Each structure stands twice: as structure tokens, then as C-alpha cells.
1. Can you find even one residue in the range A:172-181 that is closer than 19 Å to B:PHE206 by Cβ, assigned to a helix (DSSP H, G or I) and in the same structural domain as A:GLY98 (by TED's automatic domain parsing)?
2. Taking the condition of being assigned to a helix (DSSP H, G or I) and surrounded by fewer than 21 Cβ atoms within 10 Å (Cβ to Cβ), how many residues in the range B:51-63 meet it?
3. Would you confirm whether or not the range A:64-78 contains a residue that is among the basic types (Lys, Arg), outside any helix (DSSP H, G or I) and outside the structural domain of A:ILE129 (by TED's automatic domain parsing)?
4. Do we have A:LEU83 as within 10 Å of chain B (Cβ to nearest Cβ) and either crowded, with 19+ Cβ neighbours inside 10 Å or β-branched (Val, Ile, Thr) (or both) here?
5. Suppose we keep only residues that are charged (D, E, K, R) and assigned to a helix (DSSP H, G or I) within the range B:142-171. Which one would you say is farthest from B:LYS85 (Cα to Cα)?
6. Have a look at A:LYS85, A:LYS124, A:LYS143, A:LYS139 and point out the one that is free of Cβ contacts under 8 Å to residues at least 24 places away in the same chain and more than 18 Å from B:LEU97 (Cβ to Cβ).
7. Quickly run through the range B:117-141 and pick out the residues that are assigned to a strand (DSSP E or B) and surrounded by 15 or more Cβ atoms within 10 Å (Cβ to Cβ).
8. Within the group A:ILE135, A:ILE125, A:ILE153, which residue is in contact with a strand residue (DSSP E or B) (Cβ under 8 Å, 6 or more places away or on another chain), within 14 Å of chain B (Cβ to nearest Cβ) and among the aliphatic types (A, V, I, L, M)?
Number of protein chains: 2
Amino acid sequence: MPHLKHDRIPRATISRLAIYVQELEGMEQQGVKVVSSEKLANACGVNPSQIRKDLAYFGEFGVRGVGYYVFELKEAIKQSLGLDKTWNVVLVGVGNLGRALLRHGVLRKRGFIIVGAFDCDPFKIGEEIAGLEVICSSKLPAKTNELYVEIGIITTPPERAQRAANYLLEAGIKGIVNFAPARINAPSNVSVEYVDFIHNLFSVAFNITQNQAKGLI
Amino acid sequence: MPHLKHDRIPRATISRLAIYVQELEGMEQQGVKVVSSEKLANACGVNPSQIRKDLAYFGEFGVRGVGYYVFELKEAIKQSLGLDKTWNVVLVGVGNLGRALLRHGVLRKRGFIIVGAFDCDPFKIGEEIAGLEVICSSKLPAKTNELYVEIGIITTPPERAQRAANYLLEAGIKGIVNFAPARINAPSNVSVEYVDFIHNLFSVAFNITQNQAKGLI
């Protein structure tokens, strides 16, 4: 991993780095070798100074008057984000959203391999989804010890999120992405991320309300 | 709408306000009438001063030595966020994720009613999902004029996101929540939100990598 110049990198920077990787990969596929900071910024929907600031956390990139070398920059960011490897993931909660994620090609494409699907509903246990057999959640700690799993995804209803988290913690998971609209408790050395797209709908509703009040729409 | 003391409210504040609403609703259901700022902060996973700061954008809340009145605070936040009404929503892209959202009860529960589902795949057109018949995307502008739709959700593959956005814009939509991992272009008075849970997986991967480097796990 490259030497980090700062210990703590803002979350927004990590989100943008992920966008940079996506755009750089797209450029690489189109055979682009070098990109100006203006072009990269434009593709990513940010301004060039933001990109320079974000990359400064990781070292010196870009050549004055030339721009960025697409492959090198992409590899450096991926290495910094820990994306130069694949991550084994288990998913708890095989409802509509869980099924969608199990079948969603983008996770695998980005290096996150779902190796186990768990649910406590006896009607779901044994069902096969995207090549995985649904296993009883209580077997999660024993099962994940067999595999090398570092990340857990929770897609249970909110009232079952903490129980799912407890199984994951018992299994020694190091990071959790929680799609259930509920806070979960975990030790401080376990990274927890919340995905709550209702917040995005709230934001849009709020912005529309504001735009209407201002007479912009 | 309450008078806003500031024109521009940070996105993170809006996200937290959404969490406050959720927790306040839970308390209300449990018959809680008044909550201390410490208890509310604890339930929401923030510190009390953060709550005070966030609420200060909207006015004066809380009574010294008492705390917050659960119902009143919840209603005030909902009104500020534009959540004191329901919002009609259309969804474009009936893949795994689109189907999951159509069937996901949480959207309706939070006041976002999906009134139309669109896809350009002839094999999907006419299919019924969660009580909605899938309609050809090209008919979106005509169809949404019949309904009172303000928000569009995009769940297409990335390469079709802009086309979906164009249909929504043509239909006069005022806000878009884009789940496709692609930037979209829209006029500045149209609010666009991106939901990209891959970023959350990236963040967890990054944090695990960092924690490992520090010897914390």
C-alpha cells in the first residue's frame, strides 16, 4: 500500500476516488493513455483542483502540461483503496434487495465476491440464488470460518439488523455494509457503512421543495 | 414550510435529519412524548451538539432541562424536508434492482409512491410487478403527464442512464435519484442524487486495509 500522507482521509474523498477509478477504467477500455486534469474532472463531475486535492492524500500524481497517465493513476488509487485484491463477502437477509444484490453483476465486477447468502426464514433456506444456496443465519459464524470472509452485507428488515450484525461479528468479520434502515452496534475496529437510499429521496424531495419556494421550478 | 435561517443546508445535515425523523417516529410509536437531547443523539449515533447544530438551520427547538417534544420535532423536520406530503415517483429500468425497489415497502412507507415502471426491453413490457404494468420507456413523457409525478428513479445499466434521464427531463420531472453507476446531465434546477453502494463497499475495503496496516485487526 502506498504511504499515506495523512492518517484520516475524508469520506467524501474516498467516494470521489471511487468515481475516478470508474472513469479511468472507462478511459482505459477506450484506449486512452493520458488524460488532462480538466478532462478527467469533467468526466467525474468535479473541478480539477478537487482532483488534485484528493490525490494529494496519496502522493504526487500528474505531469505538468501533460496530465495523468490513465493506467498508473488507476492502479495507484486502487492500491490505496485496497481494491488491488478481491474481497470475499457474505450477505445476510435474502429479501427483495438481498436477491437483487446477489444477482447484481457490479459487485463481482468491482472485486467483491459474494460467497455466502444467509437468512433465518425456513422457506428461504436451501433456495438457490445466483449459484448460492441460502443457509440458515445461525450457521453463519461456523460457515464463514471455512471461507476467507472479511465483509458482511446486511439486507434484513431493520428489526433484524442487529442480530445479523451479531452473527457477522461472531464470525470475525472486519467490515459491514448495512442496507437495513437501522443503526447497528459494532466494535470500533469494525468498519460500518450505511446505505440508505431513502436519504437520497429525502434530499431530492427537500431540494424540490426549496426550488419551488425560490420559484426556480 | 418553516422559514429557513440559511439558504444552503449541508447534505450531511439533510441525511442526519432523515435519521432523526426515523428515530423520532420509532419513539412516537413507543409512546415517548419527550426525549432528552442525549437520548435522541445516542439513538441517532451522533453527539447532542450535532443535533442542536443541525436543528438550528430550521429554528429554535428543545426546552432547556426538558429536551425535545417528540411529535412536534418530528413534524417540524418533516415539514422542512418536504415530507409532510407524498411524492409520486416513476422508475426507469426494471432489472434486479428496479424490481427490488418496486417491491420494497419502505419507499411507500416514507411517502414515495411509485406510480409507473418503465423499461425498453420488449420482454419486460406488459409484465406486472407489485401491481404496476411495465410500460415502454419511450412512452414515459406522455404517461407521466397523466399522473402528477415529480421524482424519477433510474435503475438502468450505466450506458442507458442518460437516455432514461432524458425521458424523465422531457416529462418535466423535478428530481432524479440515479442508482446507475454513471454520471447524468440535467439542468441545474433539477435535483440529481446518486446512490452508488459500491462506494460504501469501497469505503469498508479501504478502512479494513487501513486498520490492518495499523495493526488494529
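1. There is no residue in the range A:172-181 that is closer than 19 Å to B:PHE206 by Cβ, assigned to a helix (DSSP H, G or I) and in the same structural domain as A:GLY98 (by TED's automatic domain parsing).
2. Number of matching residues: 2.
3. yes
4. yes
5. In this case the residue turns out to be B:GLU159.
6. Numbers: A:LYS85 fails: free of Cβ contacts under 8 Å to residues at least 24 places away in the same chain; A:LYS124 fails: free of Cβ contacts under 8 Å to residues at least 24 places away in the same chain; A:LYS143 fails: free of Cβ contacts under 8 Å to residues at least 24 places away in the same chain.
After applying the criteria, what remains is A:LYS139.
7. Of the residues in the range B:117-141, the ones assigned to a strand (DSSP E or B) are B:117-119, B:128-129, B:132-136.
B:ALA117, B:PHE118, B:ASP119, B:ILE129, B:LEU132, B:VAL134, B:ILE135, B:CYS136, listed by residue number.
8. Going through A:ILE135, A:ILE125, A:ILE153 in turn, just one is in contact with a strand residue (DSSP E or B) (Cβ under 8 Å, 6 or more places away or on another chain), within 14 Å of chain B (Cβ to nearest Cβ) and among the aliphatic types (A, V, I, L, M): A:ILE153.
The values are calculated or read from the model by the stated rules, or taken from the named source; none is laboratory data. As the structure is a prediction and not an experimental result, all values here were calculated from the model. So basically every Cβ, Gly included, is an ideal-geometry build from the backbone, and we count neighbours across all protein chains shown.
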